[in-house]
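J.: Here you go, one structure.
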Amino acid sequence: MTSPYLPFFIQAVLAGGIAAAIIIATHLFGQRAAKNKIKDSAYECGVPAEGIVHSRFSVKFYVTVMLFILFDIEVVFLIPLCFVYRDFLAHNIAIFWPVMFFIGVLVLGLFYEIKKGALEWEK
């Protein structure tokens, strides 16, 4: 008889094996593997790069990305609640006010971001 956890272990071994294969492949074939300077430089249509190869991004870009990730994770928490709302009602579990509290905290956070100017790109 097989264990009910066998599919989980197979998936975990496959995930670990793929991750290890990717890391090994990047070390074997990546930029650090080549000893010549051409492979270490950026490719610009066959013309050698002049000046700073890697441009710097503004801190505003990173703040915007972090805010996007924050509100994206909010949706990840809200979607399952939408699917199980009827099940909670069927078992007489009050879920409406906790969900409203969660959304209220997120709305307060959004207003705080607007007040601080985190969403204004031109600053």
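The values are calculated or read from the model by the stated rules, or taken from the named source; none is laboratory data. Since we're looking at a predicted model, the values are computed, not measured. Every residue, glycine as well, gets a Cβ built from its backbone with ideal geometry; the counts of neighbours run over all protein chains shown.
J.: I need the full set of residues from the range 95-117 which are outside any helix (DSSP H, G or I) and either closer than 25 Å to Tyr85 by Cα or touching a residue at least 12 places away in the same chain (Cβ under 8 Å) (or both), in order please.
T.: Correct list: Ile95 only.
J.: Being touching an Asp or Glu at 6+ places or on another chain (Cβ under 9 Å) and either of a type in the set (A, V, I, L, M) or loosely packed, with under 13 Cβ neighbours inside 10 Å (or both) is the filter here; which residues of the range 79-119 pass it?
T.: Ile93, Ile103, Leu106, Ile114, Leu119
J.: Quick check on Leu70: is it at pLDDT below 85 and either surrounded by 11 or more Cβ atoms within 10 Å (Cβ to Cβ) or at negative phi (or both)?
T.: In short, yes.
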